[in-house]
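Asks: Submitted below is the structure of interest, expressed as structure tokens.
The values are calculated or read from the model by the stated rules, or taken from the named source; none is laboratory data. Since the model is a prediction, treat every value here as computed from it, not as a measurement. Here Cβ is always computed from backbone atoms with ideal geometry, including for glycine, and neighbour counts include all displayed protein chains.
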Amino acid sequence: MTKEMIWELIGYLGSLLVVVSLLMSSVIKLRIINTIGSLIFCVYAMVIRSYPTAVMNAALVLINLWFLFKLINKDKSFTLLEVTADDPTVGHMLAKYGEDIAKYFPDSRERRSEANKAFIAFQCDNLAGITFGKSSGSEFLLLTDYSTPQYRDCKLGSFVYEKLHEMGYDRLCYDGKNPIHIDYLKKMGFVEENGILAKN
């Protein structure tokens, strides 16, 4: 393989990463992958002496870094609001994210009737997540514990579980079977107990 072919493959890699970044639902992942792709393509453009392309990609790298800085340092404070099942905001979330919720909680529609508690999480004015559960004394059974795509970095989960604890729930449980959510809960400190996941 010649040197020219290697550089051409590097150029294709940069282009591919830029395209792939546009498929990311997470804005932070989009910016990171786009930055890497633009940086690779900038180097490639310099090697082949396509200076306008190099300048454009260098500008994209700087723009991405600026927005990443703002995103990382953005106020991530959340608010948890207890609502009723027929609250209009609940209806809006279920209409907007219904298909995505069903991916992670396939039985959420059927089990919603078991819930006697519902909470919506906000970050500033943005809808961040929704939680349906069944409370029994100091135990809270999570039936639906959904975060919107841009808030799937564990921070929202930590906030919600801490707030539930402050409300007097000393034990959180999950008896669902979705392996993706089970892995997530294990990262959040849940452990298996008698066929369910629990966090004390």
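Asks: I need a count of the residues in segment 74-89 that are outside any strand (DSSP E or B), over 19 Å from the mean Cα position of the chain (by Cα) and closer than 15 Å to Gly129 by Cβ.
Replies: Final tally of qualifying residues: 2.
Asks: Which of the following residues is surrounded by 12 or more Cβ atoms within 10 Å (Cβ to Cβ) and modelled with pLDDT of 85 or more: Arg171, Arg152?
Replies: Every option except Arg171 fails the conditions.
Asks: When you scan segment 1-55, how many residues do you find that are basic (Lys, Arg) and more than 18 Å from the chain's Cα centre (by Cα)?
Replies: Selection size over segment 1-55: 2.
Asks: Give the number of residues within segment 172-187 that are aliphatic (A, V, I, L, M) and either over 20 Å from the mean Cα position of the chain (by Cα) or outside the structural domain of Ser138 (by TED's automatic domain parsing) (or both).
Replies: The number of residues fulfilling the criteria is 1.
Asks: Now, a different point. State all residues of segment 25-54 that are over 30 Å from Arg152 (Cα atoms), in contact (Cβ under 8 Å) with a residue 40 or more places away in the chain and in a helix (DSSP H, G or I); if no residue qualifies, say none.
Replies: Val47
Asks: If I ask for residues that are at pLDDT 85 or above and crowded, with 18+ Cβ neighbours inside 10 Å, which ones from segment 105-122 would you list?
Replies: Phe105, Ala115, Lys117, Ala118, Phe119, Ile120, Ala121
Asks: What residue, among those in segment 123-134 that are over 14 Å from the mean Cα position of the chain (by Cα), closer than 14 Å to Tyr151 by Cβ and not acidic (Asp, Glu), is surrounded by the most Cβ atoms within 10 Å (Cβ to Cβ)?
Replies: Result: Thr131.
Asks: Sticking with this structure for a sec: Just name the residue that is nearest to the chain's Cα centre (by Cα) out of those in segment 135-167 that are within 17 Å of Ile180 (Cβ to Cβ) and in a strand (DSSP E or B).
Replies: Taking the candidates together, the pick is Ser147.
Asks: Look at segment 92-122 and say how many of its residues are within 20 Å of Tyr151 (Cβ to Cβ) and assigned to a helix (DSSP H, G or I).
Replies: The qualifying residues number 14.
Asks: Take the conditions aromatic (Phe, Trp, Tyr), assigned by TED's automatic domain parsing to the domain that holds Glu82, under 16 Å from Ile120 (Cα atoms) and out of contact with any Gly (no Cβ under 7 Å at 6 or more places or on another chain) and apply them to Phe190. Does it pass?
Replies: No; evaluated as a whole, the condition is false for this residue.
Asks: Hey, another quick one. Which of the residues belonging to segment 7-24 are in a helix (DSSP H, G or I) and either under 17 Å from Thr35 (Cβ atoms) or outside the structural domain of Ile40 (by TED's automatic domain parsing) (or both)?
Replies: Ile10, Gly11, Leu13, Gly14, Ser15, Leu16, Leu17, Val18, Val19, Val20, Ser21
Asks: Run down Ile72, Ile33 and say which single residue is under 30 Å from Leu127 (Cβ atoms) and crowded, with 17+ Cβ neighbours inside 10 Å.
Replies: After ruling out the rest, the residue left standing is Ile33.
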